[in-house]
1. When the residues of segment 20-40 are filtered to those that are closer than 19 Å to ARG89 by Cα, free of Cβ contacts under 8 Å to residues at least 60 places away in the same chain and not hydrophobic (A, V, I, L, M, F, W, C), which remaining residue is surrounded by the fewest Cβ atoms within 10 Å (Cβ to Cβ)?
2. Can you confirm whether segment 131-143 contains a residue that is touching a residue at least 24 places away in the same chain (Cβ under 8 Å), in a strand (DSSP E or B) and of a type in the set (Gly, Ala, Ser)?
3. Within segment 12-41, which residues are modelled with pLDDT under 85, farther than 25 Å from SER112 by Cα and part of a loop (DSSP other than H, G, I, E, B)?
4. Looking at segment 86-95, which of the residues that are assigned to a strand (DSSP E or B) and of a type in the set (D, E, K, R) is surrounded by the fewest Cβ atoms within 10 Å (Cβ to Cβ)?
5. Going residue by residue through segment 96-114, is there one that turns out to be charged (D, E, K, R), surrounded by fewer than 20 Cβ atoms within 10 Å (Cβ to Cβ) and more than 30 Å from GLU163 (Cβ to Cβ)?
6. Just one of the numbered conditions (1) polar (S, T, N, Q); (2) touching a helix residue (DSSP H, G or I) at 6+ places or on another chain (Cβ under 8 Å); (3) farther than 21 Å from VAL30 by Cα is not true of ASN98; which one?
7. Across segment 42-75, which residue is nearest to the chain's Cα centre (by Cα) among those that are in contact (Cβ under 8 Å) with a residue 24 or more places away in the chain, outside any helix (DSSP H, G or I) and farther than 17 Å from ALA20 by Cβ?
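The values are calculated or read from the model by the stated rules, or taken from the named source; none is laboratory data. Since we're looking at a predicted model, the values are computed, not measured. Reconstructed Cβ throughout: ideal geometry from the backbone, glycine too, with neighbour counts over all protein chains shown.
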Amino acid sequence: MGVTLVRTLGEKVKGRECGACSVCCSALLVEFPKYEKPAGERCKHQLEGGGCGFYKKRPEDCSYFQCIWLTLEQMPNYTRPDICGVMFRYDLDDETWNPFAKSCVVAVPSASQDALFSDAAKACYRMFWGGGKAVWVQIEGRRRFLIDENGTEILADRIAEYEGKLR
């Protein structure tokens, strides 16, 4: 089955809406018979002020997806993807041998990769690792590397240190 985009671990937090945020419209891979879009490319239906010009007929991938900010109350309002510059999503990969990739969080920078090292992003990394979820960084549509609680890439010599934090 491979990598699966996970909708959420729950319902939307009361009062939270996407508003002007449409980071997912650029970040996500869409594979739909009538419409395909690579991850990391802006959707041709994305409106300048946010939102979708194709909303009522949008592909299932789009209607199904909700970022973690929409569903996790512990994420402060300032971590909405268009505000903090990073969108967080869940991934499941039932075929991988890698324990860090079976069930993980993926951080996707919305514009500048500098946002990955902001205080807001680091607070999210600490929260996810504290909850036993590995955090990957997605660059150009692919998960590229693991990032620790402080926004530092986890190199091979530190992997064992983090295996014990997985749940």
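1. Going through the qualifying residues, I end up with GLU31.
2. Yes, segment 131-143 contains at least one residue that is touching a residue at least 24 places away in the same chain (Cβ under 8 Å), in a strand (DSSP E or B) and of a type in the set (Gly, Ala, Ser).
3. Listed by number, the residues that qualify are LYS12, PRO33, LYS34.
4. ASP93
5. Here is the first cut: in segment 96-114, the residues charged (D, E, K, R) are 102, 114.
Narrowing further to those that are surrounded by fewer than 20 Cβ atoms within 10 Å (Cβ to Cβ): 102, 114.
If we keep only those that are more than 30 Å from GLU163 (Cβ to Cβ) too, we end up with none.
No; the residues of segment 96-114 include none that is charged (D, E, K, R), surrounded by fewer than 20 Cβ atoms within 10 Å (Cβ to Cβ) and more than 30 Å from GLU163 (Cβ to Cβ).
6. That leaves (2) as the condition not met.
7. Keep residues of segment 42-75 that are in contact (Cβ under 8 Å) with a residue 24 or more places away in the chain, which gives 46-47, 49-52, 59-62, 64-75.
Now restrict to residues that are outside any helix (DSSP H, G or I): 46-47, 49-52, 59, 65-67, 72-75.
Those still in the list that are farther than 17 Å from ALA20 by Cβ too: 59, 65, 72-75.
Numbers: PRO59: 19, PHE65: 10, LEU72: 13, GLU73: 16, GLN74: 16, MET75: 13 Å.
Ranking the qualifying residues of segment 42-75, first place goes to PHE65.
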